[in-house]
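Please treat every number below as a calculation from the coordinates, not as lab data. Bear in mind the structure is a predicted one, so any value in this text is a computation, not a measurement. Please note: Cβ atoms are built from the backbone with ideal geometry, for glycine as well, and neighbour counts cover all protein chains shown.
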Amino acid sequence: MRHTWTLTVSRMRLAMRNRAFLFFSLIVPIAFLFIYAGIFGRGIRQVVPYFLAEVLALTVMGTFWGLSVQLVMFREQGILRRFRVTPVGPGAMLASSIVSNYVLTLPIIVIEFFLARWIFHMSGLGNLLGIFVLVTAGTLCFASLGLIIASVTNSMQETQIINQVIWFLFLFLSGASIPLPLLPGFVQRFADYLPASYLVGGMLRSMIDNAGPTSLGVYLASMLGSAVIAFLVAAQLFRWDPETKAPRRAKLWAASAVIPFLLLGVWESAHGDMRRHALADYNSILKLAGAELPER
Amino acid sequence: MSAPVIEAENLIKRYGDVIALRGVSFAVSEGEVFGLLGPNGAGKTSTVEILEGLRTADAGRVSVCGLDPQHSGPEFKYAIGAALQSTALPDKMRVREALELFASFYPRRRDTEELLKRFGLEDKRNAFYSHLSGGQKQRLALALALVNEPRVVFLDEPTAGLDPQVRREIYDIIEELKKEKKTILLTTHYIEEAERLCDRVAIVDHGNVIALGTPRELKERSGGVTRITVRLAKPETNGALSMLEGVSECRTEVDDYLLYSTRVPRTIVALVKHLEEQDNELVSLEISAPTLEDIFLELTGRRLRD
């Protein structure tokens, strides 16, 4: 535990000195908030919670990139090898990625709330406990998913490509950027299997319907389940040396991290109400915005 | 001699079709500075990395402080300190932060300030790793190897690629460690490093230990051959010089002729006579005891840095 904490502090410092990290973790989500609430929402304060929910989800999803890429870079540059001759184990190294991501994400969430409240005059705050729990479970889940990609890729380049592909799926097919009801039916059904959809869905429920941790149980359980599997598999597959390549079967092991979401997706397709909620949310935004729009 | 602190027995290591180690064996006693001397690719780093627990041997047995590097818990890591062949740290990590971070991993640790002072890094304490010179990076690597007061220190090519002045600074540091009675295993392809620092040396070539002993023992083992370095006014043919009395071998090196002789006075007399006959002149002559380089040459027929 002690190793995890000192590594966490050190990695947070490094992250704060990394301009690219700051740009993507802080500036980009805030820019999304301004684009969503300011441009799409036309400054209508009743729609701000919808957009804030999406921006919060985007911020948490961003931990997928976070410090897992840094770990791949450390491996590639031979930095991890030096740590291997110390008592630090893979668990501490991986946990430090997740904890530093989490600690760095919390103030960004607070800043986003602050901006929504003071710049866009959002009236309510949603269910803060629900949001806190979602941020926590979401960061654990998405940071761990990032680690599992890092554990099966052999170079920075490969990591970046795979991360981009997955990131675009998360960004565009989960409702975080394009509202789900605007997507074709088969894409909406596919969204049922994406971890990001549950994060976005959960955030919307907490912001709009004041949903607390108990009513978000299934979402939270899937995220935590996925986080645990991803972490354990990533620890098993952890490599210190740039020369050690990931075995093929490692990719199969890595895929097992999405099992909770496959199960949840099957259940959601049959009994869930995520898509119904998404439609209702979208319609209410249109209604709120429409009420303010001038007649054409 | 006390019980060995480092033991390597019949180490074999393959990388695909390449056999890096073909049965390397040696033992290092407490407080000894032991050198693995050999050219690049001889198997020095593979040996050290097996001892550090970074690699596994395909066959053979290793023990460091009585522990198996692969199957011991943190107590093995507590006992060793290592400067890898290329220690890399994150670019934006400050010198002081690196020392504090690595020290935090161990129950027993050295004072950061003392290490900064000792390794001449006080002025650089707040410098980013990427802003350090090669020598400063290497000094930091050595300081990191000592943060935990290790019983055994592994130094893999500690001076490779450094300029002579920085190299001498590193020698001074290692000599200080020697005074502290640390057990040190260092690899090098610099003869002077092995001669100056090591109590005992194992000469490694093609994954084998081809000679092992104190630098003096190794030199004596060369059969009392002395090197006579001569420079002549006009070029000579090797063949003629190697026919001189007492000369076992003759080599050319830039403008010099290296004569390896078992009977120095007779060789010199024969040389002067030969030069007179050839109407040649002696520009300079130097007689030196054999170096480890000569031993390596004698054993392998190649120079260390060929």
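Temperature 10 °C, viscosity 1.306 mPa s: under these conditions the Stokes-Einstein estimate for chain A, based on its Kirkwood radius over C-alpha pairs, is 81 µm² per second. For the protein assembly as shown, the dipole from Cβ point charges (+1 on Lys and Arg, -1 on Asp and Glu) about the Cα centre works out to 2060 debye, to the nearest 20.
Suppose R0 equals 30 Å; then what is the FRET efficiency for residue B:302 and residue A:77 from their Cβ-Cβ distance, rounded to the nearest 0.05? Efficiency at R0 = 30 Å is approximately 0.35. If you take the beta carbon distance between residue A:215 and residue A:157 as r and set R0 to 56 Å, what does 1/(1 + (r/R0)^6) give as a FRET efficiency, to the nearest 0.05? Approximately 0.85, to the nearest 0.05. Against the main long axis of the alpha-carbon atoms of chain A, helix A:2-16 sits at an angle near 60°.
Placing R0 at 56 angstrom, the Cβ-Cβ distance between residue B:287 and residue A:2 gives a FRET efficiency of 0.40 after rounding to 0.05. The antiparallel fraction among DSSP beta bridges confined to chain B stands at about 70%.
For chain A, the longest principal axis of the Cα atoms and the long axis of helix A:217-237 meet at an angle of about 20 degrees.
About the centre of its Cα atoms, chain B shows a dipole size close to 780 debye [charges on the beta carbon of Lys, Arg (+1) and Asp, Glu (-1) only; nearest 20 debye]. Under 22 Å of direct C-alpha separation, and excluding same-chain neighbours fewer than eight residues apart, residue B:13 reaches these lysines: A:245, B:44. Taking the 0 to 90 degree range and rounding to the nearest ten, how far is the long axis of helix A:156-173 tilted relative to the main principal axis of chain A, both from C-alpha atoms? For helix A:156-173, the angle is close to 20 degrees. Ordering B:104, B:10, B:155 by Cα displacement along the dipole of the protein assembly as shown toward the positive end leaves B:104 in first place; charges were set at the Cβ atoms of Lys, Arg (+1) and Asp, Glu (-1). Note on the range A:74-187: with charges restricted to the Cβ of Lys and Arg (+1) and Asp and Glu (-1), its dipole about the Cα centre is near 320 debye. For chain B, the extents of the C-alpha atoms along the principal axes are 74, 45, 39 Å, listed from largest to smallest.
Multiplying the sequence separation of residue B:10 and residue B:30 by 0.36 nm and subtracting their Cα-Cα distance, what value in nm do you get?
My answer for the length gained is 5.1 nm.
Remark: the residue A:190-residue A:177 segment gains 3.1 nm on full extension, using 0.36 nm per residue and subtracting the alpha carbon distance. Span-like helix check, chain B: qualifying full DSSP H segments, with Cα axial length of 15 Å or more and mean Kyte-Doolittle of 0.0 or more, are B:134-145, B:264-277. Annotation for residue B:274 and residue B:181: the two label points, set 7 Å from Cα along the Cα-Cβ direction, are 5.2 nm apart. Using every pair of separate Cα atoms, the Kirkwood estimate puts the hydrodynamic radius of the range B:79-236 at 17.4 angstrom. What the pair-distance distribution of the range A:149-296 shows, using all Cα-Cα distances binned every 10 Å from zero, is 10, 33, 30, 17, 7, 2, 0 percent.
So how much slack lies between residue B:111 and residue B:196, counting 0.36 nm per residue of separation and subtracting their Cα-Cα distance, in nm?
27.7 nm
Each residue, residue A:251 and residue B:163, gets one label point 7 Å from its Cα in the Cβ direction; the gap between the two is 4.9 nm.
Across the protein assembly as shown, the convex hull enclosing all Cα atoms gives 197 Å³ per residue.
Here the sum of -39500 (n - 2.57) over DSSP H runs of 4 or more residues, divided by the residues of the protein assembly as shown, equals -16000 deg cm²/dmol at 222 nm, to the nearest 500. Among DSSP beta bridges whose residues both lie in the protein assembly as shown, state the antiparallel percentage, nearest 5. DSSP beta bridges in the protein assembly as shown are roughly 70 percent antiparallel.
As a ratio to 2.2 N^0.38 Å, the alpha-carbon radius of gyration computed for the range A:90-232 takes the value 1.10.
With no solvent and one point per C-alpha, what does the Debye sum give as log10 I(q)/I(0) for the range B:7-93 at q = 0.14, 0.18, 0.23, 0.24 Å⁻¹? The Debye formula, applied to the Cα set alone, gives -0.53, -0.85, -1.26, -1.34.
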